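A short worksheet on the structure shown next.
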Amino acid sequence: MYALIKLTQESNENIPDVINLINKNIIQLINSKDKNNLIVGILVIDQLLEVELDYSDENNMKVTRFANYLRILLKSDDLEVINKSAHTLGRLVKFNRSYNSELVEFEVKRCLEWLQDEKATDSNRFASIRILIELGSLTEVTALLHSFFPQIIDVILKIIINDSKTIIRENGAKCFEVYIKMIILRSSKIPENIARRSFLEIERGVRINSNESIHGSLLILNALLSFHPNTFGAVIDGKYDHICKFVVGKKENKDLMIRKVLISLLEKLATFNSNLKDEVLEVGSVNPVSDFKKLIARRDDDYIATATNQMINRIQEFIFSSHSEDYFEKAINCIKVLKDACSKELEFEIFDSFLKNLKLKCVDQGRDSNYLKNFWNFFLDQKIGLLNESENEK
């Protein structure tokens, strides 16, 4: 702010001296080892961006000089410094349109180089993604970025799946969403090659099957589902049920980063298909009997195995995880409907194996638990036997 006041108060002939003084101070700040000084240096640059000088050469020099200052700061290991530097770089591009073609091209190429360089540091990759996000958020440079869209999308997708750092994957997903949005604004649809490329990366992450790659696949999917279904064209056809099963299949994952993105994804899936709100994807804890019957009625591939496994897991949760006798009746109702379904589908072994295992846990392993004894006595009162009646006496 002092620099702005000084510039406006000085006569034209003194402005070069003031500029030199300001630059010396900025250089001292950005080369400091104190984080606070670095941030002050960024704020000074940011405040000076909107200052237009009468000397066109000086304005051009200002862009070059400030860009170089920010490039120094973007090599920092501090995420806050990187974030603020990237944001100010975006503003530098925005307020200097006459000079931003070369600046944008240089920055994008450097970002792509860092993102593909195995020797690049985590900070380099994070800075690259933040710069691309800032540039992609500027409608003023859409035309300049257009030729880079395919390469940016391709590189970012790989980063989201491959990177070991959660913050880099999450920011990569934000970057991916920014550029998909920019593409849609230009053409109203996601090009088929980009949509297919995105789904291929999702599938690759699933095949790798690490928490990091699964997280990456979910992040890409979450970003894609932020847009209207019409933007996908025919690419989404036939994939919707597969997507739903994949997402629901990860609900039991204990990893916090995965659970966080799942919450967002499940909401988007529900709005992505208006019929999904009435469609049951799993046996829930609220209306398990109703959910189970709907799943059985669908008769999809592996429907009986999927539905019975989910129901068995839910029953065990009611009994062994709730530690509340209030769930006894709900568990019994679930067991009854499970037995009925297994009987109709001639899946005697599934039910009988479940019941024997339940007895083992409640009676043999739960000798010292009054809670489990109470449940088993409650169960016996219901007279629910094995489907293979010849083994009931045993």
Original post:
Residues Ile335, Ile319: which one is modelled with pLDDT of 90 or more, under 22 Å from Glu282 (Cα atoms) and β-branched (Val, Ile, Thr)?
Top reply: Ile335
**OP:** Name the single residue, out of those in the stretch 89-122 being in a loop (DSSP other than H, G, I, E, B) and within 16 Å of Ile45 (Cβ to Cβ), that is least open to solvent (accessible area, probe 1.4 Å).
**Re:** Asn96
Original post:
Would you pick out the residues in the stretch 207-236 that are modelled with pLDDT of 90 or more, in a helix (DSSP H, G or I) and open to solvent by less than 60 Å² (accessible area, probe 1.4 Å)?
Top reply: Ser213, Ile214, His215, Gly216, Ser217, Leu218, Leu219, Ile220, Leu221, Asn222, Ala223
**OP:** Under 7 Å between Cβ atoms, at least 6 apart or on separate chains: pull out the pairs that start in the stretch 205-230 with a residue that is among the β-branched types (Val, Ile, Thr) and end on any residue that is surrounded by 14 or more Cβ atoms within 10 Å (Cβ to Cβ) and outside any helix (DSSP H, G or I).
**Re:** Ile214/Lys250
**OP:** Given the conditions (1) modelled with pLDDT under 95; (2) out of contact with any Leu (no Cβ under 8 Å at 6 or more places or on another chain), report the number of the one that Asp122 does not fulfil.
**Re:** (1)
**OP:** Give the residues of the stretch 124-180 that are surrounded by fewer than 18 Cβ atoms within 10 Å (Cβ to Cβ), over 13 Å from the mean Cα position of the chain (by Cα) and assigned to a helix (DSSP H, G or I), sorted by residue number.
**Re:** Thr139, Glu140, Thr142, Ala143, His146, Ser147, Pro150, Gln151, Asp154, Lys158, Asn162
**OP:** Could you please find all residues in the stretch 364-383 being surrounded by 14 or more Cβ atoms within 10 Å (Cβ to Cβ), at pLDDT below 90 and more than 42 Å from the chain's Cα centre (by Cα)?
**Re:** Ser369, Lys373
Subject >> Pair list, Cβ < 9 Å and 6+ apart or interchain, from the stretch 250-265 residues that are β-branched (Val, Ile, Thr) to residues that are open to solvent by 40 Å² or more (accessible area, probe 1.4 Å) >> reply: Ile258/Asn211; Ile258/Lys250; Val261/Glu170
Subject >> Number of the exception - Ile45 against (1) modelled with pLDDT under 90; (2) surrounded by 15 or more Cβ atoms within 10 Å (Cβ to Cβ); (3) in a helix (DSSP H, G or I) >> reply: (1)
**OP:** Might you check whether a residue that is open to solvent by less than 60 Å² (accessible area, probe 1.4 Å), assigned to a helix (DSSP H, G or I), aliphatic (A, V, I, L, M) and in contact with a Ser or Thr (Cβ under 6 Å, 6 or more places away or on another chain) occurs anywhere in the stretch 296-317?
**Re:** no
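The values are calculated or read from the model by the stated rules, or taken from the named source; none is laboratory data. Note that this is a predicted model, so its numbers are computed, not measured. Reconstructed Cβ throughout: ideal geometry from the backbone, glycine too, with neighbour counts over all protein chains shown. Protein only, heavy atoms only, side chains kept; ligands, DNA and RNA dropped before computing areas. Shrake-Rupley method; radii C 1.70, N 1.55, O 1.52, S 1.80 Å.
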